[in-house]
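Values in this text are rule-based calculations from the coordinates and carry no lab data. In this text, all values refer to a predicted model and were calculated from it rather than measured experimentally. A quick note on method: Cβ atoms are made from the backbone with ideal geometry, for glycine too, and the neighbour counts reach across all protein chains shown.
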Amino acid sequence: MSNRCAAVIAAGGSGSRFGGANAKQFQMFLGRPMLIWSVETLLAHEAIGRVVVAAPPDRQAETAAILPNDPRLLIVAGGASRTASVLAGLEALADFAPDKVLIHDAARPGLSAGVIDELVAALDQADAACPALPMTDALKETLPGGALRTVDRTRHVRMQTPQAFRFPIILEACRNVGRKAGDAPVDDLALLEGAGTPVALTPGRPELMKITHAEDLALAERLIGGSAMRIGSGFDVHAFEPGDGVMLCGVKIPHTAKLKGHSDADVAWHALTDAILGALAAGDIGDHFPPSDPQWKGAASIVFLKHAADLATSRGWRIVNADVTVICERPKVSPHRDAMRASTAEVLGLSPDCISVKATTTEKLGFTGRGEGIAAQAVVSLAR
Ligand code: MG
């Protein structure tokens, strides 16, 4: 058989157990909507030729807007049930005609290339495969009246996703469920249980946990984000010269002077750019954009910041949060803080919740105290 492989992500649910107005697949996870994590991991895997996201029917445009623009990615309207959403995703793969399909929950952002490798390989020997975790706690059945009965835990496993199938088998099983009313299978593997189909078990992973309740978020962020991280710091100074305003974090703030510099002299974004480059151990802003190079004269500093952020992405890092401190007597920064946070968050593709902008004076001491210029410092953290 050939080895065409695709993936369907079920992201059509409202996440009623999660609480809050926003469905969990759109909740921020390590600074980005949860759904993005699995989509990116699947698109980055060489075995996966097509990814279909079954999104809530009323949020398809929003879903497209947050996901990468990739011709291998399709967004379809999910159905009223999980199985209906999965079926919509499978039907959308008809023209691609994969041999294997991985069906994944949007609420499991900890998907990794290793999990995909193991599932794709397992399907060479079996019609279905799934990552599973052993039961490590004692397992008991609760009986009426409050008594317990011990269950042999060695005969039980906890199933995760993606659940992987030979494509024609799961397509047929999903279509059959669609024809019956009132079925609510617990997962996609349940559709094959009646037929007694053997399932290859691949190793489950703690970080592949499902985010069901709001309190699961912090645990998953620690498991996934905490596994590898970096911190960078940046510092920059620009002097004042005659003018009518300063550029700070991409926001023009009226003032009786401007900042002197080769570019637009956005001292805050320069510090932040250096912080990102520092976390990557990739030199400093002057290495990437030499002041001697005329093409950067008058450049908008968004170019520098975007370059550093893209470099982080290309090296497999994501920016988790940034904290920028502007040091000057004037202009007064606080009225512009939220605009500065928003513009920075937009460039970095993060929620403004992940961007801090603070300001301080130096009590009239030193060059900032004498009003000769503005200094800025920034700290940023990156995660794999
Ligand atoms: Mg500078």
_E172 paired with A342, simple spin-label distance in nm, labels 7 Å along Cα-to-beta-carbon_ = 5.6 nm
*Take every Cα-Cα pair in segment 1-154 and report what % of them are more than 24 Å apart.*
41 percent
*Compute the normalised compactness of segment 77-195: alpha-carbon radius of gyration over 2.2 N^0.38 Å, N being the residue count.*
1.22
*Based on the alpha-carbon gyration tensor of the chain, what equivalent-ellipsoid semi-axes (square roots of 5 times the eigenvalues) come out, in whole Å, largest first?*
50, 22, 18
*asked:* At a 10 Å Cβ-Cβ cut-off, how would you order F240, F165, fewest neighbours first?
replied: F240, F165
*Please order L219, L143 by the number of other Cβ within 10 Å, starting at the fewest.*
L143, L219
*Using only Cα atoms, locate the centre of segment 346-384 and the centre of segment 186-216, then give the distance between them in Å, rounded to an integer.*
45 Å
_Between 0 and 90°, nearest 10: helix 337-348 axis offset from the chain longest Cα axis_ = 60 degrees
_Cut-off under 18 Å on the C-alpha distance; same-chain residues fewer than 8 positions from K258 excluded. Which lysines are left, in chain and number order?_
K297, K332
*Once fully extended, how much extra length lies between K210 and R155, figured as 0.36 nm per residue of separation less the alpha-carbon to alpha-carbon distance?*
17.6 nm
*Give me the angle, in degrees from 0 to 90, between the Cα long axis of helix 214-225 and the longest principal axis of the Cα atoms of the chain, rounded to the nearest 10.*
70 degrees
*Once every DSSP H run of n ≥ 4 in the chain is given -39500 (n - 2.57) and the sum is divided by its residues, what mean residue ellipticity at 222 nm do you get, rounded to the nearest 500 deg cm²/dmol?*
-8500 deg cm²/dmol
*Counting pairs of Cα atoms in segment 136-279, how many percent are more than 22 Å apart?*
70 percent
_Gain in span if fully extended, S112 to D353, counting 0.36 nm per residue against the direct Cα distance_ = 84.1 nm
_Relative contact order of segment 231-371, pairs being alpha-carbon contacts under 8 Å that are 6 or more residues apart, as %_ = 22 percent
*Among the DSSP beta bridges whose two residues both lie in the chain, what percent are antiparallel, rounded to the nearest 5?*
60 percent
*asked:* Counting just the Cα atoms, what span does segment 300-384 cover along each of its three principal axes? Round to the nearest Å and put the largest first.
replied: 43, 23, 21
*Can you put V326, V303 in order, fewest other beta carbons within 10 Å first?*
V303, V326
